[in-house]
Every structure is written in C-alpha cells, then in structure tokens.
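The values are calculated or read from the model by the stated rules, or taken from the named source; none is laboratory data. Since the model is a prediction, treat every value here as computed from it, not as a measurement. Every residue, glycine among them, receives a Cβ derived from its backbone with ideal geometry; neighbour counts consider all protein chains shown. What goes into the accessible areas is simple: the full protein's heavy atoms, side chains included, and nothing from ligands, DNA or RNA. Shrake-Rupley method; radii C 1.70, N 1.55, O 1.52, S 1.80 Å.
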Amino acid sequence: MKKRIGLLYGGKSAEHEVSLMTARAVTGALNFNNYEVYPIYITTDGEWRKGKRLSGPVEHVEELQFGTEQLAIPNNISDFLPTKAESEEQALDVIFPLLHGPNGEDGTVQGLLEVLNLPYVGNGVLASSAGMDKVVMKQLFSVAGLKQVPYIHFIRSNWRKSQEKLLDQIEEQLSFPVFVKPANLGSSVGISKAVDRESLIQAIELAFKYDRKIVIEQGVKAREIEMAVLGNDSPRCSVPGEIKPLKDFYDYQAKYQDGNTALIIPAEIPDEVEDAMKDMALKAFKVLDCSGLVRADFFVTDDNEVLINEINTMPGFTPFSMYPLLWQHTGLSYPDLIEELVRLAIERHDEKQLLNYTMD
C-alpha cells in the first residue's frame, strides 16, 4: 500500500524561495509508485494552502505556489490527523518539512506536528530550535567541548543603547576581518564580512533587518569543509566535502544563484582530520539531540586544526546541494536518501508511541 506523504514547503521566511527549490527537487526524486504525494504550501504571509495530489514530478516552482483553499488551523486539523482518524482515506502517513529558516526550521512547525502526533522527517523541536539559534548552538557546543572560533553576540536593543561600547568590545575581543550574522537565519541570508569599523556598522545594521539577535564571529584563514550526518540514535557520517567559493565568502548568491562555487567531494584531507570531523559532528548531533539529518560545517586551518562552525538541521536539499551530494559520494543516492529519511521519521514516531502519558 502506498504511503501518503505531505510535502510542507514555502514558509514565512527570507528563505522562502530556497524552500520552493527544495520541494521541486524532492518531487523529482520521490518514487510515485511507493508514495501518494500531497503538496502543502505556506505563503510568505503564513497562510497554509493545500494542493491536489501530485501525479508526478513538478517541473517549475510556480506549480507549487497554488492559490487553492487555505488550510485553516485548527478548523481543518483533520487533514493532518494520523491514519486512525475519521478521515482515514485522506490522512497523511508522514510529513516531509522542506522549510528553511524561522517559522519552519526553528521548531515551530515541528511543535505543531508533535501536537498532532504526526510522523515527520528531520529534527524535533529541541534540536530544530537550538540548531536555528546560532548563539544557543555555540553555547551547547561549548558544553560538549567542541572547538570553535571566538564570537560576540547581542540584541538590537543593546545596540541601540550602547553602540560605541559594543563596537569597542568587538574590536578589543576580536580582530578584523569578522563575520556578522543574524542569529536565527540560514542560507547565508543577512551575513556580511567586515574589515573595519565602518563596514562593521553596516554589517550589523544589515543583520538586524533579519533578526533581533546577531552574532559576530572571528574571521579565520581556513578551508570550509562539511560533513553530513544521518540517523536517529545511531547516526553515521558521510565523506567530507570542501567548499571553494570564487567570491570572498560563501554567501547566498554563491550558494543559489551564480554557481561560482566548487564543491570538492571527497575533500582532500588527512585521515586524522576526517576522524576528528566525524567525532565532532557526532558529538554536535548528540548534544543537540538531533534526529534524521544534519549537515555539520567546519573550518580546517593550515596546521589542520579543526573548528566547528555550525550545524544545519534542514540543510539545502536539492540534488546539487552539499548534503545529498555527500551521501551520493558515500554510496547513497538522492532517491534512496529520501527513502531512508522517511523510514527514520516513522521509526522515531513509533518509538514515541511507547511512552506512557498516564500515571499507571
């Protein structure tokens, strides 16, 4: 019997377009002989809209931006109920959230799916929220004893009140160049490199357009190498892959628009460096209580010191994104990767059904 899978994409986030590209790619890899595929589109205004069952892969993202009936939450909650619901013939067996950024990758949608007791692909509420907030993530990395670059963080109200004091603090504790990032965003949206105080101020103002909290990281001369993690309680790592952007750093345009970035898979690194990356990637996965999938991003210096930069709990997922490519070079194809993620989602959900919710 075919499993009913709901693709959840779009979202009220600056990464809305990235999510659409991911959803289109996933429809091209799903085996429609095994799945009934139902698209669920979240507009940039946060409206939930459901489309008709897909009969095959979608060729253009515009086909996923339909304006059909809006899913009123919670009035039409039966559309999401598990198979024991009264509307069993329309119920979904698993949700595949293909959402990037706030209001989707940050634990909010995951919390809704938990309340509805629906299996869903990827990380749970805790890992998603902690993984989205770069400051919380870094603090948890410190707890796990993972090496990382020095950083400073603050919120918008502090910046408005104490701009000069914060600028002095940054220049005292860090040295140029530095990278300024919104704390709760991905795909390199709102990230800038600052080389002096003037560009630092501009970078801070840009980052605050996307979040009320920002993080400023010490720039480091290093190679950018990534590793994919897959699993639940017994995760495993892929081969490493190196990013070589032709631009100054790996920004949004380099990732999704101009294509001027070389991905070297597997990365040419010593065995001891790869072993260190695997150990750190698994520690990061476990300290955030991750499940399903994670991409761990590292800096490797000229003397082969390994520093963890961040993890991404819903990494780019088109066939040309680093995460699926890493698994392809490890021996797991894109369609098989999707199958495995669905299996892991159901496995995790089944385990949760063993819990008692009474005082028996």
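Mean separation of Cα pairs under 8 Å and 6 or more residues apart, divided by the residue count, gives segment 205-360 a relative contact order of 24 percent. Solvent-accessible area assigned to carbon and sulfur over the chain amounts to 48 percent, based on a 1.4 Å probe.
Using a cut-off of 31 Å between Cα atoms, the listed pairs K134/K352; K134/K278; K147/K181; K161/K286; K165/K244; K213/K352 include K161/K286; K165/K244; K213/K352 as exceeding that distance.
Shape call for segment 274-322 from the C-alpha gyration tensor, a ≥ b ≥ c root eigenvalues: rounded (a/c under 1.5), prolate (a/b greater than b/c) or oblate? Before the final figure, lay out the partial values.
Values: a/c = 2.49, a/b = 1.33, b/c = 1.87.
Because a/c hits 1.5 or more and a/b fails to exceed b/c, segment 274-322 counts as oblate.
Rolling a 1.4 Å probe over the protein heavy atoms leaves T318 with an accessible area of roughly 30 Å². Modelled label positions at R212 and K283, each set 7 Å beyond Cα in the direction of Cβ, lie 3.3 nm from each other.
If only the Cβ of Lys and Arg carry +1 and only the Cβ of Asp and Glu carry -1, the dipole of the chain around its Cα centre is close to 640 debye. Using the 1.4 Å probe convention, the accessible area of the chain works out to 46 Å² per residue with neighbouring protein chains retained.
Highest GNM mean-square fluctuation among A25, A276, A296, for the chain modelled with Cα contacts below 10 Å: A276.
What do you reckon, how do L263, L126 stack up by accessible area (1.4 Å probe), largest on top?
Working: L263 60, L126 105 Å².
Largest to smallest exposure gives the sequence L126, L263.
Residue ranking by accessible heavy-atom surface, 1.4 Å probe, largest first, among D196, D297, D93 comes out as D196, D93, D297.
Counting only lysines at least 8 places from K50 when in the same chain, those with an alpha carbon closer than 24 Å to its own are K2, K3, K12, K84.
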